[in-house]
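Single-structure report; data block below.
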Amino acid sequence: YDAQYTGAAAVLNGCPHLSFVTAINTVGNGLYVDVATEAPLLAPSCYGGLGGAAVHAIALGNVRRLRALLRPSIAVIGCGGVDSGEAAFRHLLCGASAVMVASALLHEGVGVFARVEAELRGIMASKGYSAVADFQGKLREPAAPQQRAAAPCAGLAPPATNGRSSVGGGGG
């Protein structure tokens, strides 16, 4: 998969006035089928963007890879599954300059912003961070195989989320 990122980064780095990219928002061609009616739920086009918790891991990978490849003057906005302070922390840890909240806003309303901020501040305080810059882009390398948990798939499960995903015209 690396060629798609290095190729895209080469193009983006060649745009002198580019100041930010968003990674990733939604994944296209989401289709949700209603078993009772045997028809797509999204009308009229039937297809929409898949966002929210369902794309969180993809978003984190894209944020981290793009941050590593893009020139420092191009900010990376983390978008995808930001439904908690932990999710925002993960995006920032992977190198996001800011995060976008969409699916959680749709489900929860504007109160989500204060909740996510309070949760993020709590995580930062528990880790001794006074500013985002203290941890931003500083994702640690994984432990050596002999230092990982004994279970063969330990650590491979996706992070716990509140389960909110969205299939629709946008937002992640």
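Bear in mind that the values in this text are calculations on the coordinates, not laboratory data. Note that this is a predicted model, so its numbers are computed, not measured. Backbone-built Cβ (ideal geometry, glycine too); neighbour counts: all protein chains shown.
Relative contact order for the range 1-88 using alpha-carbon pairs under 8 Å, separation at least 6, rounded to a whole percent?
The normalised contact order for the range 1-88 reaches 36 percent.
Counting only residues 5 or more places away or on other chains, whose amide H sits under 5 Å from the amide H of residue 94 once H atoms are built in the peptide plane?
Residues meeting the amide H criterion: 137.
Just to confirm a number: summing +1 for Lys and Arg and -1 for Asp and Glu over residues other than residue 123 whose beta-carbon lies under 15 angstrom from that of residue 123, what do you get?
Net charge around residue 123: 0.
Could you give the distance between the Cα centres of the range 1-50 and the range 75-148, to the whole Å?
Each part reduced to its Cα centre gives a spacing of 21 Å.
Can you give me the pair-distance distribution of the range 57-129, C-alpha pairs, 10 Å bins, whole percents?
22, 47, 28, 3
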